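Quick notes on the structure that follows.
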Amino acid sequence: MQENNLDDIAIIGGGPAGISAAIYSKYIGKSFKLFEKKTIGWIPESHINLTNDLQGLPALLHTINGTQLIEMYNNSLNKMNILPIENTKISEIRKEGGIFILINEKGNEFHAKSIILTTGTTPRKLGISGEEETENIYYFAYGYADKYKGEDVIVFGSRNSGATAAMYLAERGVRVTIIELKDSIQAKPQYIERLKRLGVNIMLSSKVEK
């Protein structure tokens, strides 16, 4: 393997975390490649609304929207002359002789001494009829309490994340019902007590068909 084909770091995922990793790698003088399976700065709309004002970043609250945030990320890369490899999905990773070998879907190989995984998360969907066509289905609760204050909202699932979402909404005046497939609440005991104090309605052994 030729030394000039070997990077210090391979960064897989070109969202906010991957872009930050690339910028800091540049700062400290490391050679690297930044891979993104879609376009750089891409963030699932389930994670960040591309048109409304940002709710989860206090420093930017009501100043820019999701589309503008992505533009800011791209501008940062351009200013630092960082050229990401877009529309490239890494389909295989293996390690030989202390070196990581990355292979994309076209069979091209890339080599690196270390890997930073910044692939993000994908929300777990219900997989029921009408889910994709129905409006006002969200995969996180933050930022929507004011919109639905005084109205009925259903939270699917009673594990810790579902319980946390339900508590956040209920504390801000939303009437919340949790629907749980199993016959018991799956959250931490302290969360269960808090849900009860907040008056959250919980429907157990309930399966949603559509």
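Looking at the chain as a GNM with Cα springs under 10 Å, which of E105, E96, E151 has the largest mean-square fluctuation?
E96
With θ taken as phi - 60° and the coefficients 6.51, -1.76 and 1.60, list the Karplus ³J(HN,Hα) couplings across segment 154-164 in order, rounded to whole Hz; mark glycine and proline as x.
9, 10, 8, x, 10, 6, 4, 5, x, 5, 4
For the chain, set up a GNM with springs between Cα atoms under 10 Å and report which of E193, E92, E135 has the largest fluctuation.
E135
Rounded, prolate or oblate: which one fits the chain, using the alpha carbon gyration tensor with axes a ≥ b ≥ c (rounded when a/c is under 1.5, else prolate when a/b beats b/c, else oblate)?
Details: a/c = 2.62, a/b = 1.94, b/c = 1.35.
The shape class here is prolate.
For the chain, give me the percentage of DSSP beta bridges that are antiparallel, rounded to the nearest 5 percent. Can you show the working numbers first?
Values: 11 of 30 bridges.
Just about 35 percent of them are antiparallel.
Could you grab the relative contact order for segment 124-210? Cα pairs under 8 Å, six or more apart, rounded to a whole percent. Write out the running numbers ahead of the final one.
On the way: 130 pairs, mean separation 26.2, N = 87.
The normalised contact order for segment 124-210 reaches 30 percent.
Non-local amide H neighbours of V155 (under 5 Å, H modeled in plane, Pro and chain starts lacking H): which ones?
It is T177, I178, I179, by chain and number.
From a point 7 Å beyond the Cα of T121 in the direction of its Cβ, which residues of segment 174-193 have a backbone N at a distance under 16 Å?
Hits in segment 174-193 for T121 at 16 Å: 187-188.
Apply the Karplus parameterisation 6.51 cos²θ - 1.76 cosθ + 1.60, with θ equal to phi minus 60°, to every residue of segment 188-200 and state each ³J(HN,Hα) to the nearest whole Hz, in sequence, with x for glycine and proline.
For segment 188-200, the Karplus-derived couplings read 4, x, 5, 5, 4, 4, 5, 4, 5, 5, 7, x, 6 Hz, x marking Gly and Pro.
Which residues' amide hydrogens lie under 5 Å from the amide hydrogen of F32, considering only partners 5 or more residues apart or on another chain, with H built in the peptide plane?
Result for F32 returns D8, I9.
How would you order 11-21, 198-208 from highest to lowest mean count of nearby Cβ atoms within 10 Å?
Working: 11-21: 21.5, 198-208: 13.5.
Highest to lowest by the protection proxy: 11-21, 198-208.
What does the helix-only formula give at 222 nm for the chain: each DSSP H stretch with n ≥ 4 adding -39500 (n - 2.57), the total divided by the residues, and the result rounded to the nearest 500 deg cm²/dmol?
Numbers: 4 runs with 46 residues, N = 210.
So the helix-based figure for the chain works out to -6500 deg cm²/dmol.
Fewest Cβ neighbours within 10 Å first, please rank D152, D8 accordingly.
On the way: D152 10, D8 14.
By the 10 Å Cβ count, ascending: D152, D8.
Per residue of segment 79-95, what does 6.51 cos²θ - 1.76 cosθ + 1.60 with θ = phi - 60° give for ³J(HN,Hα)? Whole Hz please, x for Gly and Pro, Karplus curve as stated.
5, 9, 6, 9, 10, x, 9, 8, 6, 10, 9, 7, 9, 8, 10, 9, 10
Enter the Cα centre distance for the pair segment 70-93 and segment 123-175, rounded to the nearest angstrom.
Spelled out, the Cα-based centre of one part sits 32 Å from the other.
Over the chain, calculate the relative contact order: mean separation of alpha carbon pairs under 8 Å at least 6 apart, over the residue count, as a percent.
Values: 356 pairs, mean separation 37.6, N = 210.
Result for the chain is 18 percent.
If you take the square roots of the eigenvalues of the alpha-carbon gyration tensor of segment 124-210 and sort them as a ≥ b ≥ c, do you get rounded (a/c under 1.5), prolate (a/b over b/c) or oblate? Don't jump to the answer; show the numbers that get you there.
Working: a/c = 1.88, a/b = 1.13, b/c = 1.67.
Oblate.
All of the numbers you see were taken from the coordinates with simple rules; none came from a lab. All of these numbers come straight from a predicted model, not from anything done at the bench. Reconstructed Cβ throughout: ideal geometry from the backbone, glycine too, with neighbour counts over all protein chains shown.
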